[in-house]
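Following: one structure in structure tokens, then a few remarks.
The values are calculated or read from the model by the stated rules, or taken from the named source; none is laboratory data. The shown structure was predicted, so the numbers you read here are calculated from the model rather than taken from an experiment. Because the Cβ atoms are built from the backbone with ideal geometry, glycine has one as well, and the counts that use them run over all protein chains shown. Remember, those area values only see protein heavy atoms, side chains included, never the ligands or the DNA or RNA. Shrake-Rupley method; radii C 1.70, N 1.55, O 1.52, S 1.80 Å.
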Amino acid sequence: MLSLSLQELQQHATPFYVYDLNLLRQTLQQAQQQAQRYNFQVHYALKANTNGPILDEMRQVGFGADCVSGNEVKRAIENGFSPQHVVFAGVGKSDAEINYALDQDIFCFNCESSHELIVLNELATAKGKTARIALRINPNVNANTHKYITTGLEENKFGINAWELPDVLALLKTLPNLALIGLHFHIGSQITDLSAFRNLCTRVNEFQEFFESHSVQLEHINVGGGLGVDYYNPEQQPIPDFEAYFALFNQFLELRPGQQVHFELGRALVAQSGSLISRVLYIKKGVTTNFAILDAGMTELIRPALYQSYHKIENLSSTAEEERYDVVGPICESSDCFGKAVALPETNRGDLIAIRTAGAYGEVMASSYNLRDKAAAIYIG
Ligand code: LLP
């Protein structure tokens, strides 16, 4: 059960997101401690959660920022991240976004196509600057995760495919305002089978040989993010196994002297620290189970509707005998359902419901569909 005080939670108008800053700090400390054993550098993937107090913790523990839009770059820099620790990825960076990031002299652009390289070179030339770049390579490694969050297969839109690399290297020779400093990979998200990362390491080692054979020296290898969390057991597994994760890369990556390894973790750092808190509006009789209709819906947490993903649901107000409920939101879509036939203690109007593990890709993916108000964020700890 969510370990935050019910009394405290009851004071706020629902729905709202609650963040447990103590758990967040413990998570970040463990991640940083394990990364530092190998001198690995973590860039927090802002896309998971861009709230100021969350970013403060990320920055204070010493992480850089991994951004996928001009506004994320701006948010990171305004929050106090040094531009030297900001990377900017994405398949579709607009000219305005690139120009903003060039003006900020960010650490690195992770580039995803030949066409993007040409445009970036043009824009950098116009400013009399040299842009540091990493090539995002599509390693064709299966992450064994949901197809919508698989990114490292040849069928996906992300990255430069292996067979294009000779042409890309030839192209780079003609683009004087780009400096190639690294390689970038990201195979997907919510990866719980670590063997996918081992396969990634094998591919990275092969790409390293290719670049070495072309006399290209690379300062860093960025292996992306993707480490999953335990949505089923947030209590037993509040902090992912960072020790095993970083040890795997240390064991299997074959680095060149002086080469840095960068990571872009999002979900693993922040997911378990956040919950969506909602109240039961109505109980309605259904055919096989009853419906518990909440005041939160897919507008506050779209993951179940979009990826059929599981989030643990708890009734914080009741300890009565369990019954089965379809837990749904108020939005005019049948996909607005947090869980089917969920066992909950007998549930009544006004009960407080926690939907767990909502700290990553919850609030950031909220929408105003049905002209819904934006839910507040509460920080405890
Ligand atoms: N780096 C790149 C290039 C990425 O595309 C992503 C996530 C990350 C890092 C961070 O991945 P993480 O460590 O959080 O797995 N909305 C989906 C997840 C989309 C992930 C997109 N890219 C969800 O709710 O499951």
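With the Cα gyration tensor of segment 21-271 giving a ≥ b ≥ c as the square roots of its eigenvalues, does the rule (a/c under 1.5 for rounded; else a/b larger than b/c for prolate; else oblate) give rounded, prolate or oblate? Here segment 21-271 falls in the oblate category.
Between the C-alpha center of segment 52-87 and that of segment 310-381 there is a gap of 30 Å. Shown here: segment 292-381, whose C-alpha atoms stretch 36, 35, 22 Å along the first, second and third principal axes, sorted largest to smallest. Sparse packing (at most 16 other Cβ atoms within 10 Å of the Cβ) combined with a DSSP loop state is found for the following GluC sites (Glu not before Pro) in segment 135-210: Glu154, Glu155.
For segment 246-286, the list of trypsin sites (Lys or Arg not before Pro) that fall in a loop by DSSP and count at most 12 other C-beta atoms within 10 angstrom reads Lys285. Taking the accessible area of segment 125-276, probe 1.4 Å, and keeping the other protein chains in place, the carbon and sulfur fraction comes to 46%. Among the trypsin sites (Lys or Arg not before Pro) in segment 18-53, those located in a DSSP loop and surrounded by at most 16 other Cβ atoms within 10 Å of their own Cβ are Arg37.
From its DSSP helices (H runs of at least four residues, each -39,500 (n - 2.57)), the chain gives a residue-normalised ellipticity at 222 nm of -8500 deg cm²/dmol.
Build a GNM of the chain with springs between Cα atoms under 10 Å apart, and of Leu294, Leu171, Leu21 the one that fluctuates most is Leu171. Taking the DSSP beta bridges with both ends in the chain, the antiparallel portion is around 35 percent. Distance from the C-alpha centroid of segment 136-171 to that of segment 112-133: 21 Å, rounded to the whole angstrom. Solvent-accessible surface of the chain, averaged per residue with a 1.4 angstrom probe and all protein chains in place: 43 square angstrom. Ranked by the mean number of other Cβ atoms within 10 Å per residue, highest first, peptides 109-118, 10-19 order as 109-118, 10-19.
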